[in-house]
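The values are calculated or read from the model by the stated rules, or taken from the named source; none is laboratory data. No experiment lies behind these values; they were computed from the predicted model shown. So basically every Cβ, Gly included, is an ideal-geometry build from the backbone, and we count neighbours across all protein chains shown. For accessibility, only protein heavy atoms count, side chains too; no ligands or nucleic acids. Shrake-Rupley method; radii C 1.70, N 1.55, O 1.52, S 1.80 Å.
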Amino acid sequence: MLQRLSKANEFIKNNAPLVNPEYRNKFHLMAPIGWINDPNGFVYYQEEYHLFYQYYPYDSIWGPMHWGHAKSKDLIHWEHLPVALAPGESYDKDGCFSGSAIEKDGKLYLIYTGHNVVDGHVRQVQCLAVSEDGVHFEKYAGNPIIAEDQVASVATTEDFRDPKVFQRQEDYFTVVATKTSDDRGQIVMFHSKDLLTWEFYSVLLEGTPEQGIVWECPDLFEIDGKEVLILSPIQMLAQGNSYQNTNSTVAFVGTVDWQAGKFQVENFHEIDGGLDFYAPQTCENEAGQRIMTAWMQMWQRKMPTNDLGHGWSGSMTLPRELRVTDNQLVQRPISTIYQVIDEQESIEKAKTEKNLFLLKDLVYDQHYLRLEINLKLATKLELQYAKGAEHTLLLSYDVEQEYFTVSREQMPYDLPGAESEVLKKRSMTVPLENNYLTIEIFRDTSAVEIFLNDRLTMSMTFYETEKGHDFLLQADSEVTFSLESGLINL
């Protein structure tokens, strides 16, 4: 593997300076060059956060998966590290697919899926790599540590991937994604005493036919007295405004019967209501905070940075702090982001004039905006963000239906794909709180993440051809609002 890693790292060193920076983000983690997708191995190790990711350095389209690697002390400023894993062994020759990380006895262990295609047949097995320093990894001589015969009696073996490892008391467990023989999503669980030898433990949870044909990227954790299983279904049927993308993300909230190894679901819901959010993964830091990030992109999209020859595709979301309230997963931006916001504008309890409010030269590439809007008298609200002469991001709210909608229809790239209408806009249900709607926006060049009522999120990418700097608020009746705006200064 060393030769393949050296080749990849040398390619990155020589070619990353040639990447076109036009749409690149600043505080969202991105690869130096090439294609990036699922976050992997998100872990707090030796007083720093480490985040690995699915990576193909040689092109801005998906290819044989490597593991890219970066670390951070604050989840805002990132340091790129050498590529951690490269495919090529008999068990992972076609890709080192997604997985996770855990510390044991001062060493950092990576558990990942080895992907092979032989004569058209897919083989996926779970593998191990170990590092003494958290940077340089050696694949375990006993790979694979979990083979397909350990799950063949309960699931299909061609979709058997994305192990997420965790420790419970003195034991280790990993949840792995798969599907049933009749194409329903399924999560299985394995048990180990030493991270090297694993045995089948249980089928943790099976989906209904409506919940997708296969589940990807599971993550099981405990928070606020509840167990939460997050995962990413493929072809989950839409339910109202939820699960509109072909690939979705879901949080199951409930409890685990650890003796039986079964998840008892009390509630489930979509994690993010936007257009570009997939394969979330969490870690727990030294203070016991549960933090989540995800791939801020989606399958079946055209990506302008690839089409334009910019040399890269994809980024991660801004990490989010998680809580559970009323059996719902609550998301807040990582608190360290507020330390790098320079106040730009602050308005208390203003009113619209003729149902309009316009601020010129407010929005820049790294921008923060928080609005608290009283909609007692209005039924329709529209915000034009990054408004220019020809283009704008359009955010709107329907008071009667309680629908908040994000739209990039008026941006120059409509990002056509398999579901072109869905790719342009999405809505989610957001009830008002005492007639108030709170909107918090984090913009980073070509990424915007919207936090609603301090708990719900909508994430999407967009690509301007000319910069829009204005902000317009309009409603069908007078509204009062407070506004805070700032520049995110890294």
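General observations
- Binning the C-alpha pair distances of region 329-434 at 10 Å intervals from 0 yields a P(r) profile of 11, 35, 41, 13, 0 %, listed from the shortest bin outward.
- Residue-normalised accessible area of region 1-59, expressed per residue, 1.4 Å probe, Å²: 43
- Remark: region 148-285 carries a charge dipole of roughly 100 debye about the Cα centre, counting +1 on each Lys and Arg Cβ and -1 on each Asp and Glu Cβ.
- Inter-label distance, nm, simple model (7 Å from Cα along the C-beta direction), Glu10/Glu348: 6.3
- Cα pair distances of the chain binned at 10 Å [whole percent]: 4, 20, 31, 26, 14, 5, 1, 0
- Overall, the anisotropy analysis places region 374-473 in the prolate class: the square-rooted eigenvalues a ≥ b ≥ c of its C-alpha gyration tensor yield a/c not less than 1.5, with a/b exceeding b/c.
- Loop-located GluC sites (Glu not before Pro) across region 166-232 with a Cβ neighbour count of 15 or fewer within 10 Å are Glu170, with loop assigned by DSSP.
- Ala287-Gln328 FRET efficiency (beta carbon distance; Förster radius 22 Å; 0.05 resolution): 0.45
- Cβ-Cβ distance of Val118 and Glu22, R₀ of 41 Å, FRET efficiency by 1/(1 + (r/R0)^6): the value works out to about 0.50.
- Sorting the segments 337-343, 123-129 by their residues' average number of neighbouring beta-carbon atoms within 10 angstrom, most packed first, yields 123-129, 337-343.
- Accessible surface for region 170-232, divided over its residues, is 33 Å² per residue with a 1.4 Å probe.
- Ranked by the mean number of other Cβ atoms within 10 Å per residue, highest first, peptides 88-98, 360-370 order as 88-98, 360-370.
- Were the residues from Trp299 through Leu356 laid out at 0.36 nm apart, the gain over their Cα-Cα distance would be 16.8 nm.
- Percent carbon-and-sulfur accessible area, region 168-211, ignoring ligands, DNA and RNA, probe 1.4 Å: 43
- Nitroxide proxy distance, nm - points 7 Å out along Cα→Cβ at Glu89 and Glu132: 1.9
- Of Ser6, Ser153, the order by accessible heavy-atom surface (1.4 Å probe, DNA, RNA and ligands excluded), from most exposed downward, is Ser153, Ser6.
- In the structure shown, the pairs Lys26/Lys93; Lys73/Lys302; Lys262/Lys425; Lys13/Lys71; Lys107/Lys164 are assessed against 29 Å; a Cα-Cα span above that value is assigned to Lys26/Lys93; Lys73/Lys302; Lys262/Lys425.
- Helix 2-15 vs. the chain, principal-axis angle (Cα, 0 to 90°, nearest 10): 20
- Net length gained if the chain between Glu409 and Ser153 were fully extended (0.36 nm per residue, minus Cα distance): 87.4 nm
- Solvent accessible area, Å² - Glu47, 1.4 Å probe, full protein context: 140
- Computing FRET efficiency as 1/(1 + (r/R0)^6) for Gln169 and Thr197, where r is the C-beta to C-beta distance and R0 is 25 Å, gives about 0.90.
- For a straight C-alpha distance cut-off of 15 angstrom, the aspartates and glutamates reachable from Lys193 (same-chain residues fewer than eight places away being disregarded) are Glu103, Asp105, Glu170, Asp171.
- Structure-based [θ]222 nm, the chain - -39500 (n - 2.57) summed over DSSP H runs of at least 4, per residue, nearest 500: -1000 deg cm²/dmol
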